[in-house]
């Protein structure tokens, strides 16, 4: 995590089904409100949970490959992120455990660290296969799904 630098607080790093390689309704939502900046990496491990990936922060030299975006209209950022929080399972009943948590992370982008929001998996990944490459799109293409 890092400080809330004003130009970077409106960024979003996505690594799973929100990436452009999936062309689903949620990606269409992303592309409507966010502008693609380019590919980046975040330190962490990626796991295959079956229908979706799980990103877990780590201190080892493992990296997650994803896409970095910035919001097109700054005034819409709060509302747009609330919708994504709902999609990612952050909004739960009292006492419930959210599926993901949104945090600020350092994204390595064009040889520079930039601050961005990212969704980390918030539950155990016991016995789930690790995606060695850190690239969910390439992994899904390789396994034919």
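Suppose the filter is within 12 Å of the chain's Cα centre (by Cα) and closer than 24 Å to residue 142 by Cα; does residue 40 pass it? Spell out how you get there, then give the answer.
Values: within 12 Å of the chain's Cα centre (by Cα): yes; closer than 24 Å to residue 142 by Cα: yes.
Considered against the rule, which asks whether it is within 12 Å of the chain's Cα centre (by Cα) and closer than 24 Å to residue 142 by Cα, residue 40 comes out as yes.
Take the range 126-138 and flag every residue that is part of a loop (DSSP other than H, G, I, E, B) and at pLDDT 95 or above.
Answer for the range 126-138, where residues must be part of a loop (DSSP other than H, G, I, E, B) and at pLDDT 95 or above: 128, 129, 131, 132, 133, 134, 135.
Tally up the residues in the range 22-33 that are crowded, with 17+ Cβ neighbours inside 10 Å and more than 19 Å from residue 53 (Cβ to Cβ), please.
1
Among the residues of the range 21-28, is any farther than 19 Å from residue 131 by Cβ and at pLDDT 95 or above?
no
Does residue 68 meet the test of being under 22 Å from residue 134 (Cβ atoms) and in contact (Cβ under 8 Å) with a residue 60 or more places away in the chain?
So residue 68 does not fit the description; no.
Can you name every residue in the range 84-114 that is over 16 Å from residue 63 (Cα atoms) and touching a helix residue (DSSP H, G or I) at 6+ places or on another chain (Cβ under 7 Å)?
Passing the criteria: 87, 91, 102.
State the number of residues belonging to the range 28-46 that are free of Cβ contacts under 8 Å to residues at least 12 places away in the same chain and in contact with a strand residue (DSSP E or B) (Cβ under 6 Å, 6 or more places away or on another chain).
0
Give the residues of the range 105-132 that are surrounded by fewer than 18 Cβ atoms within 10 Å (Cβ to Cβ) and under 14 Å from the mean Cα position of the chain (by Cα), sorted by residue number.
Selection gives 108, 120, 122.
Within the set of pairs 6 or more residues apart or between chains, which connect a residue that is at positive phi inside the range 103-122 to a residue that is crowded, with 18+ Cβ neighbours inside 10 Å with Cβ atoms less than 9 Å apart?
110/37; 110/40
In the range 47-89, how many residues are closer than 21 Å to residue 25 by Cβ, surrounded by fewer than 12 Cβ atoms within 10 Å (Cβ to Cβ) and in contact with a strand residue (DSSP E or B) (Cβ under 9 Å, 6 or more places away or on another chain)?
Total satisfying the criteria: 0.
The values are calculated or read from the model by the stated rules, or taken from the named source; none is laboratory data. Keep in mind it's a predicted model, so treat the numbers as computed, not measured. Every residue, glycine as well, gets a Cβ built from its backbone with ideal geometry; the counts of neighbours run over all protein chains shown.
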